[in-house]
Amino acid sequence: MNYPITFRFKLIALAPQIYVTDANGKTICYVKQKLFRFKEKVEVFTDDTMKQLVATIEADRIIDWSARYTFKSPNGQVLGAIGRRGMKSLWKAHYDVFAPGAQSPTFAIQEENPWTKMLDGLVSGIPVVGMFAGYLLHPSYIASRVAGNAAVLRLTKQPALFEGLFKLEPTGEANEGEQMALLLSFLMMNLLERARG
């Protein structure tokens, strides 16, 4: 993958939309989350024409408390999974990432500083001032290998007005399958954290 990778959230849209682009500005994938689904299912497309499906992300349960989301290719091949740690995620976001074929977590994604996320959420809710919260506070999330605790990728909120903007940058080594699982994990994590506030 051509890093850094950028995640752009359209804040004004009725349904959450995410554009994912590489360092050259080329669209890697696009998500327009459908509202009011009984059981979470997210479809990831190559671009906003939504003609070519890249992957689906499906929850294993209706309520997302400690839910596990499995990534599948259009032909049904499992590309990995992400699971939220229920109680552990109340204060500080914590997700387990499963690489393709892994039965136990390969990576853990955690907030680097939960205070930044909390302040960002508080300031964002203040009228007028909240418009500029994206310039003040920048929560970040780090993906580390469970074995050895080596950091692999970091997602950091970037200054932006009228949109959510995040940058994904490498901090270590990961193979192609692991990178895809992590990209989809950060995508789903962003949707879940955005709903969390």
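One table, with the values for the structure above:
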read-out: Entries of Lys26/Lys92; Lys34/Lys92; Lys10/Lys34; Lys41/Lys157; Lys32/Lys72; Lys10/Lys157 with Cα pairs more than 23 Å apart; value: Lys26/Lys92; Lys34/Lys92; Lys41/Lys157
read-out: Length added when fully stretched, Gln77-Lys51, from 0.36 nm per residue minus Cα-Cα; value: 7.4 nm
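Any read-out appearing in this document is the output of simple, stated calculations on the displayed coordinates, not a laboratory observation. It should be emphasised that the depicted structure is a prediction, and the values quoted were computed from it without experimental measurement.
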